[in-house]
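S.K.: The structure under discussion is supplied below as structure tokens; questions concerning it will follow.
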Amino acid sequence: MTTMTAERTALRSHSAVAEARQEARAFLDALGQPAIGREQTDTVVLVVSELVTNALRHGGGAYTLRLAAHPGTIEVAVGDPSPRPPRMRAPDLVDGTGGFGWHMVNDLAHHVVVTPGPGGGKTIPALLPR
């Protein structure tokens, strides 16, 4: 099986996160055998949603999404122009200001790393089971 990839770059818009989720679903639907199951698809789409939301909210308002399918894993990599790494924070259960996403990404993925970019930004690749 060969590695399959897809990439998109986008700026903050009302539909940016929804478009990233749609891109992820279309990418996963296009994969050959072995097909990815519904639960794995939902998990990948959730990780895409959280990483893109964080890039737009905390990373400078732009993102690059790269998806890659490997024999045993799906790689979701989201880059943004901010050099600041994500931080764990206590989820806000009162005012609804967030704090859940980075926890979820780390809980759902087998491996997550923050890679500084050569131009000062960062990329966050997350490996999920296929």
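S.K.: Please go through (1) in contact with a helix residue (DSSP H, G or I) (Cβ under 8 Å, 6 or more places away or on another chain); (2) outside any loop (DSSP other than H, G, I, E, B); (3) β-branched (Val, Ile, Thr) for THR64 and return the number of the only condition it doesn't satisfy.
M.R.: Just one mismatch for THR64, condition (1).
S.K.: So which residues in the stretch 42-64 are in contact with a strand residue (DSSP E or B) (Cβ under 8 Å, 6 or more places away or on another chain) and either aromatic (Phe, Trp, Tyr) or without any contact (Cβ under 8 Å) to a residue 24 or more places away in the chain (or both)?
M.R.: Result: TYR63, single match.
S.K.: From the set of residues in the stretch 1-24 that are polar (S, T, N, Q) and at pLDDT below 90, which is farthest from the chain's Cα centre (by Cα)?
M.R.: Across the stretch 1-24, the extreme among qualifying residues is THR2.
S.K.: Kindly indicate whether any position in the stretch 15-24 is in contact with a helix residue (DSSP H, G or I) (Cβ under 6 Å, 6 or more places away or on another chain) and of a type in the set (Lys, Arg).
M.R.: Checking the stretch 15-24: at least one residue is in contact with a helix residue (DSSP H, G or I) (Cβ under 6 Å, 6 or more places away or on another chain) and of a type in the set (Lys, Arg).
S.K.: Going by the structure shown, is LEU51 within 22 Å of MET104 (Cα to Cα), modelled with pLDDT of 95 or more, surrounded by fewer than 19 Cβ atoms within 10 Å (Cβ to Cβ) and not hydroxyl-bearing (Ser, Thr, Tyr)?
M.R.: Answer is no for this residue.
S.K.: Would it be correct to say that LEU28 is in a helix (DSSP H, G or I), modelled with pLDDT of 90 or more and either closer than 19 Å to ASP107 by Cβ or out of contact with any Ser or Thr (no Cβ under 6 Å at 6 or more places or on another chain) (or both)?
M.R.: So LEU28 fails the test.
S.K.: Further question on the same structure: Restricting attention to the stretch 99-130, and to residues there that are small (Gly, Ala, Ser) and farther than 19 Å from TYR63 by Cα, which single residue is modelled with the highest pLDDT?
M.R.: Here the residue is ALA109.
S.K.: Just to be sure I understand the filter: pairs with C-beta atoms under 6 Å, separated by 6 or more residues or on different chains, first member in the stretch 29-41 and at negative phi, second member surrounded by 11 or more Cβ atoms within 10 Å (Cβ to Cβ) and outside any loop (DSSP other than H, G, I, E, B). Which pairs pass?
M.R.: Listed by first residue and then by second, the contacts come to LEU31/ALA69; ILE36/LEU28; THR41/LEU28.
S.K.: Could you tell me which residue of the stretch 68-78 is surrounded by the most Cβ atoms within 10 Å (Cβ to Cβ), considering only residues that are under 16 Å from LEU108 (Cα atoms) and touching a Leu at 6+ places or on another chain (Cβ under 8 Å)?
M.R.: Checked the stretch 68-78; the qualifying residue surrounded by the most Cβ atoms within 10 Å (Cβ to Cβ) is VAL76.
The values are calculated or read from the model by the stated rules, or taken from the named source; none is laboratory data. These numbers come from a predicted model, not from an experiment. Neighbour counts run over all protein chains shown; Cβ positions are idealised from the backbone, glycine included.
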